[in-house]
Amino acid sequence: MSNGGDDGDKTVFRPSPLQGLKRGAGSPGEGGYGAPPPLSRTGHAPVAPTRLSDDDVPLPATPPRIRNVMLAEAEPVLALLAAVRAGRVRMPMPEFHRECSKAIATFERAIGLHYPEEKRQRAKYAVCATADDVAQNLPGIGTDGAEWARRSMVVQFFHENIGGDRFWQLVDDMLRVPSDNLDLIELFHACLAAGFEGRFRVMPDGRRRLQEIMTRLHGALPHVRSLSQIELVPNWRGEKAPAARIGLNVLALAAAGALALLVLVYAVLRLMLASSGDLPTDRLAALNPDTRLTLSRPAAEMAAQQSEQASRIARFLEPEIREGLVTVEEDAQTVRVRTTVGQLFESGSDELEAGRETLFHRIGRAIEAERGSVLIEGHADNDRVATVRFPDNMALSEARAETVGKLIRSDLTDPSRVSTKGLGESVPIASNDTPAGKSQNRRVEIIVPRRY
């Protein structure tokens, strides 16, 4: 059943009507068959205790809302009949007869103020017929069955021996106009569930036909018609409560944590890769001698002549050459401006030391007048570098060449002329065994093609 008000969707368990039957029953033979039930001060017949019931379901905090008074008042007697029929409650037949008599009498009085005479009589007959049908078909009752038939509930309350077939006649009559007999239909359905079978008990297909009648009764009820055809129970969804949502802060923290983990894994793998590549790189570099190769045959001495192109660049950079910041050199194919300042960049970084940008802006303006492409090479000494950003000297020299390239591009009318390249420690111009030699090898060279 359900509570009224705002809690109408909550399930409330109604205690078993057998709860009143406690241990310590009186004498089974007390009063014999058909003894009139004694009345209490309130006029209701008290239910005699039995020693064989242990129903102890607690009463709900809020009384349940009763939809069908007739069915609610019939619960004690129907529960007793179902319990005895199932063997859950055992008692002698005389005692069972007295309990049924008292329960039916109480039921008759309880519905007296709620229903007209005809419906009260039909309801009382259904309960009496069910009690008689269950009692006379219990196993092992012997001569008690005949005594019950002589003093049956129908005989006791109607003073005539009405056959069980009248039960089915009433069912057919009620189903013709179900809207006028809703409480009765539900009561008759409960009587069938409690154990009334009548003539169908001995029929070969009696079980099936009983099930069909119960289905018809159940389907005639309005609350059944309003149920979904696919949902087994109406309140299976439970209480409506907003789903817990994960806040943006939690998602942001989770994303940040995942990103940090990925960055850490990347850094570790990058450092491991750089470290594992040092040995092959050293062996490859060892194939080349530290000094330049020269031909052993003597060659005729030739007067070195500086090209006009190299002269123009040298004249423009004359102040820097005097300060020992750069040199201008040329060979058969190129003219190159080479830095001679060992500390151009911050240690292990591609950031220029303060004030060094001016030097490269001057070089950029010097080569603006020269035609052709401009190649910027970055060089390093043999001191190992192993960071996440620069896993080796090759990566560091590439980044430093790109830093200089950005400054040179800003001084050219055509920045697309400039390209950059990192060579690491692969092209030394001095020995790396001394600090002075390492300082010379840490350099940047700006190269333009020689024009004739």
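The values are calculated or read from the model by the stated rules, or taken from the named source; none is laboratory data. Keep in mind it's a predicted model, so treat the numbers as computed, not measured. So basically every Cβ, Gly included, is an ideal-geometry build from the backbone, and we count neighbours across all protein chains shown.
For this structure, a couple of remarks:
- Qualifying residue in the range 310-331 (condition: aliphatic (A, V, I, L, M) and exposed (fewer than 13 other Cβ atoms within 10 Å of the Cβ)): no
- Reported count of residues in the range 162-181, each being closer than 21 Å to Phe107 by Cβ and either in contact (Cβ under 8 Å) with a residue 60 or more places away in the chain or more than 60 Å from the chain's Cα centre (by Cα) (or both), is 2.
Quick grid of which residues meet (1) under 25 Å from Trp168 (Cβ atoms); (2) among the basic types (Lys, Arg); (3) outside any helix (DSSP H, G or I); (4) not assigned by TED's automatic domain parsing to the domain that holds Glu197:
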residue: Pro63; (1), (2), (3), (4): no, no, yes, no
residue: Val77; (1), (2), (3), (4): yes, no, no, no
residue: Val84; (1), (2), (3), (4): yes, no, no, no
residue: Met91; (1), (2), (3), (4): no, no, yes, no
residue: Arg98; (1), (2), (3), (4): no, yes, no, no
residue: Phe107; (1), (2), (3), (4): yes, no, no, no
residue: Gly112; (1), (2), (3), (4): no, no, yes, no
residue: Gln121; (1), (2), (3), (4): yes, no, no, no
residue: Asn137; (1), (2), (3), (4): yes, no, yes, no
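- Of all residues making up the range 403-452, the number that are closer than 17 Å to Val326 by Cβ and of a type in the set (A, V, I, L, M, F, W, C): 9
- Taken together, the residues in the range 364-390 that are under 14 Å from Arg409 (Cα atoms) and aliphatic (A, V, I, L, M) amount to 6.
- Options Ala395, Ala386, Ala399: the member that is under 30 Å from Ser431 (Cβ atoms), out of contact with any Ser or Thr (no Cβ under 6 Å at 6 or more places or on another chain) and part of a loop (DSSP other than H, G, I, E, B): Ala386
- Filtered by the rule that a residue be among the acidic types (Asp, Glu) and under 60 Å from the mean Cα position of the chain (by Cα), the range 411-452 gives Asp411, Asp414, Glu425.
- Qualifying residue in the range 345-353 (condition: closer than 24 Å to Glu318 by Cβ and not acidic (Asp, Glu)): yes
- Residues in the range 197-207 include none that are more than 18 Å from Ala82 (Cβ to Cβ), touching a residue at least 40 places away in the same chain (Cβ under 8 Å) and either assigned by TED's automatic domain parsing to the domain that holds Arg67 or not charged (D, E, K, R) (or both).
- Filter pass, Gly372 being on the phi > 0 side of the Ramachandran plot, outside any helix (DSSP H, G or I) and surrounded by fewer than 20 Cβ atoms within 10 Å (Cβ to Cβ): yes
- Taking the listed residues Val404, Val448, the one that is in contact with a helix residue (DSSP H, G or I) (Cβ under 6 Å, 6 or more places away or on another chain), under 29 Å from Leu273 (Cα atoms) and modelled with pLDDT of 90 or more is Val404, with no other qualifying.
- Residue within the range 178-198 that is of a type outside the set (Asp, Glu), over 22 Å from Glu73 (Cα atoms), in a loop (DSSP other than H, G, I, E, B) and at pLDDT 85 or above present: no
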